[in-house]
Amino acid sequence: MSQLIPLFVIIPLVAAFLIPIIGKFLDGFQKVLTSIAFLGLSVLTVYFLCAGPGEPLLYAVGGWEPVRGIPIAIYLVADGLSIFMLMITNVVGFLVSIYSISYLKRFTAQNNFFALLCLMMGGMNGVVLSGDLFNLFVFMEIAVIASYALVAFGIEKQELEASFKYQVLGGIASVLILFGVTMLYWKTKTLNIADAGNILRSSQDRSFVIFTQLFLITGFGLKAALIPFHAWLPDAHSSAPSPISAMLSGVLIKAIGIYAIIRLFFNMFTLSDEMAVTITALGAVSMVLGSFLAMYQWDIKRMLAFSSISQVGYIVTGVGMGMIILARNGDHRVAALAISGGLFHMINHAAFKGLLFLNAGAIEHETHTRNMKSLGGLSRSMPITASTSMGASLAISGIPPFNGFFSKLIIIIAAIQGKFYLLAALAVLISIITLAYFMKFQKYTFFNKPGARDRKKIKEVPFAMCFSMIVLAVLCLGLSLLIFPGIREVVLDPAVRVIMNASEYAPSITGL
Amino acid sequence: MILYLLCFLLFLIGLYGVITRRNVIKIVIGLVFMEFSVFLLLVLVGYVEGAEAPILDETIISGPFVDPLPQAMVLTAIVIGLASNAMLLAIAIRLYKKYGTFDIRKINELKG
């Protein structure tokens, strides 16, 4: 079964290679190949998930065996957390590729779009699977360079400016991350995350570790757009074509930002109180400021982008609280609750924020505007878009029985049990503010009186776009089922276990 | 030691360029400076004083060897840097075509 792991990287990369060549002669090849490839990968992740937890699966690229217990091959590691992330990326990627079939009708250069989408997917799957620091960097660069090009895909003034800003900040982040990797290699003389973890655990050099951690957290914080590092996100995510916004907000910032932070700070570095507090503070600040900034936006996609910052703050706060409790040797059950709340919110956010960006794309597709002030009364002419976006808005603001309610509830309960009363109060307050600005979005877009424009021509979007939106809306409801123990044990618990037993990651890899 | 300091100086020059310059192309050059200072550090990490290239044959069997892994890493990193710089410059050219200027104070359609 571990022989199947490289497929997650190979299939998207091969698809990205074949699309520009064959797609030139065969019309429609790019759409079919991308959808089939992503569907296949989604099925493969579900298979991995159902095969159950157990030992992490290991694939040594090139078949190099460890020499005297030192791993020398490039490892691809599929443990609970990796499979959990793979599920998010591939399922959202599949739905986005279906949606793009119709959405892209008005763009030229469709081959390039689908090739870049596949490339981004290959990069993200690689980041999630890589058991090696330098390959994490390489795959991350593959994903972000593809995303730079995709943000600029419209090649109008705004898209180009957003892409340039994104590239300069992304470039600085990449330099900082590469610097961090260099420092780690200098100290530990290994690139394998597990092996480096073993060495760092036995070393006493605290100042070096903190120095490296600060560089890595700045780099990955820039990629995850935590506030003070968020300046590029509202521009980039609102300028990109809508399916790409859904990928960027729903998946990319999690796969290369938050996942990398979790993997490195739990499984490689020894947990330390200072870093845990720093991460939680970054998360809390993002959570609060992101939602306040979102309130003042009139552009639908900018509002959603700011809301992404806020929701990512929830995830980081949840995971960070667990980190603080573990670092202080507190109650492990509370820590597990906080971390599972964070991860639960991560998968929920992928579902509802992906859906909201697809809704915004559908609105833009029909009305050619994103400004809420000039929209209105769309609920009658676009019933499917209206109802799915209502579901997503309720989910993101935490109304039962949608999934967002349960994940926020778990985070808040964990915060109270862990005696973080301020964080619990903030989480409740921000949830109310989120409800406020999503109600504003609903009112101005779907329920107000129709604007001055001609409303006759507006009709529901084509089937392929509706299909993706409906599936994501069903997921928004269906993911609430993760609250039940039987389903949670299959999907969520293996990932939580990897994070909770952080120090067991290294021996379990090098021991194999 | 002096080499590491020069490497750090190169990084600071690049950072200064990115922060203070107003010209799009100069910002790109600043970023390239920052990237290459890290590449230089990566090569320095693998360097061992008075050591040989790690090519094993009959005459050279033991002795201090330089670390070949950072060299492989730096080659990969340079190729990645090439891709991202090409991307940046392509966007810079497109920006010039749309706005007719390289001045970032005049390229301000978005609020940030």
- Note on the structure: Of those in segment B:2-32 that are within 23 Å of B:Ala90 (Cβ to Cβ) and in contact (Cβ under 8 Å) with a residue 24 or more places away in the chain, the residue nearest to the chain's Cα centre (by Cα) is B:Val32
- Identify, from the list B:Ala92, B:Ala77, the residue that is crowded, with 17+ Cβ neighbours inside 10 Å and more than 30 Å from B:Leu5 (Cβ to Cβ). B:Ala92
- Query: Only one residue in A:Leu429, A:Leu475 is surrounded by 14 or more Cβ atoms within 10 Å (Cβ to Cβ) and not β-branched (Val, Ile, Thr), so which one is that?
  - Reply: A:Leu475
- Message: Scan segment A:59-69 and tell me whether some residue there is of a type outside the set (A, V, I, L, M) and either in contact with an Asp or Glu (Cβ under 7 Å, 6 or more places away or on another chain) or closer than 30 Å to A:Lys353 by Cα (or both).
- Response: no
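For residues that are in contact (Cβ under 8 Å) with a residue 24 or more places away in the chain and either in a helix (DSSP H, G or I) or among the charged types (D, E, K, R) (or both), tally how many sit in segment A:18-70.
21
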- Being crowded, with 24+ Cβ neighbours inside 10 Å and not in a helix (DSSP H, G or I) is the filter here, so list the residues in segment A:98-131 that pass it. A:Ser130, A:Gly131
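Among the residues of segment A:196-205, are any basic (Lys, Arg), farther than 26 Å from B:Ala83 by Cα and either in contact with a strand residue (DSSP E or B) (Cβ under 6 Å, 6 or more places away or on another chain) or more than 10 Å from every other protein chain (Cβ to nearest Cβ) (or both)?
There is at least one residue in segment A:196-205 that is basic (Lys, Arg), farther than 26 Å from B:Ala83 by Cα and either in contact with a strand residue (DSSP E or B) (Cβ under 6 Å, 6 or more places away or on another chain) or more than 10 Å from every other protein chain (Cβ to nearest Cβ) (or both).
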- Note on the structure: Of those in segment B:85-112 that are of a type in the set (Lys, Arg) and part of a loop (DSSP other than H, G, I, E, B), the residue nearest to the other protein chains (Cβ to nearest Cβ) is B:Lys111
- Item | Single residue of B:Phe8, B:Phe39, B:Phe33 found to be within 9 Å of another protein chain (Cβ to nearest Cβ) and not acidic (Asp, Glu) | B:Phe39
- Message: I want to confirm something. Restricting to segment B:42-69 and keeping residues that are part of a loop (DSSP other than H, G, I, E, B), aliphatic (A, V, I, L, M) and touching a residue at least 12 places away in the same chain (Cβ under 8 Å), which single residue is farthest from the other protein chains (Cβ to nearest Cβ)?
- Response: B:Ala53
- Considering every residue within segment A:400-415, establish whether at least one is at pLDDT below 90 and out of contact with any Asp or Glu (no Cβ under 7 Å at 6 or more places or on another chain). yes
- For B:Leu82, are the conditions met, namely being surrounded by fewer than 17 Cβ atoms within 10 Å (Cβ to Cβ) and away from chain A (no Cβ under 12 Å)? no
- Message: Of the residues A:Ser387, A:Ser397, only one is modelled with pLDDT under 95, surrounded by fewer than 24 Cβ atoms within 10 Å (Cβ to Cβ) and more than 20 Å from the chain's Cα centre (by Cα); which?
- Response: A:Ser387
- Query: Just one of the numbered conditions (1) within 14 Å of chain B (Cβ to nearest Cβ); (2) within 20 Å of A:Asn135 (Cβ to Cβ); (3) under 17 Å from the mean Cα position of the chain (by Cα) is not true of A:Phe229; which one?
  - Reply: (2)
- Filtering segment A:322-342 down to residues that are farther than 22 Å from A:Leu222 by Cβ and in contact with a Leu (Cβ under 7 Å, 6 or more places away or on another chain) yields A:Leu326, A:Ala327, A:Ala335, A:Ser340
- Query: Any idea which of (1) within 25 Å of A:Arg370 (Cα to Cα); (2) in contact (Cβ under 8 Å) with a residue 60 or more places away in the chain; (3) among the basic types (Lys, Arg) is the one A:Lys408 doesn't satisfy?
  - Reply: (1)
- Right, A:Asp235: in contact with a helix residue (DSSP H, G or I) (Cβ under 8 Å, 6 or more places away or on another chain), surrounded by fewer than 24 Cβ atoms within 10 Å (Cβ to Cβ) and at pLDDT below 95 or not? no
- May I ask you to list the residues in segment A:402-426 that are surrounded by fewer than 22 Cβ atoms within 10 Å (Cβ to Cβ) and either more than 23 Å from the chain's Cα centre (by Cα) or under 23 Å from A:Tyr296 (Cβ atoms) (or both)? A:Ile413, A:Ile416, A:Gln417, A:Gly418, A:Lys419, A:Tyr421, A:Leu422, A:Ala424, A:Ala425, A:Leu426
- Query: Given the structure, is A:Tyr59 touching a helix residue (DSSP H, G or I) at 6+ places or on another chain (Cβ under 9 Å) and surrounded by 24 or more Cβ atoms within 10 Å (Cβ to Cβ)?
  - Reply: no
- Query: Only one of A:Val127, A:Val138, A:Val168 is aliphatic (A, V, I, L, M) and more than 8 Å from chain B (Cβ to nearest Cβ); which?
  - Reply: A:Val127
- The one condition B:Thr76 fails out of (1) within 7 Å of another protein chain (Cβ to nearest Cβ); (2) part of a helix (DSSP H, G or I); (3) touching a residue at least 40 places away in the same chain (Cβ under 8 Å); (4) not small (Gly, Ala, Ser) is (3)
- Which listed residue, of A:Glu161, A:Glu156, is without any contact (Cβ under 8 Å) to a residue 12 or more places away in the chain, acidic (Asp, Glu) and within 11 Å of chain B (Cβ to nearest Cβ): A:Glu156
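The values are calculated or read from the model by the stated rules, or taken from the named source; none is laboratory data. Predicted, not measured: the structure shown is a model, and the values here were computed from it. So basically every Cβ, Gly included, is an ideal-geometry build from the backbone, and we count neighbours across all protein chains shown.
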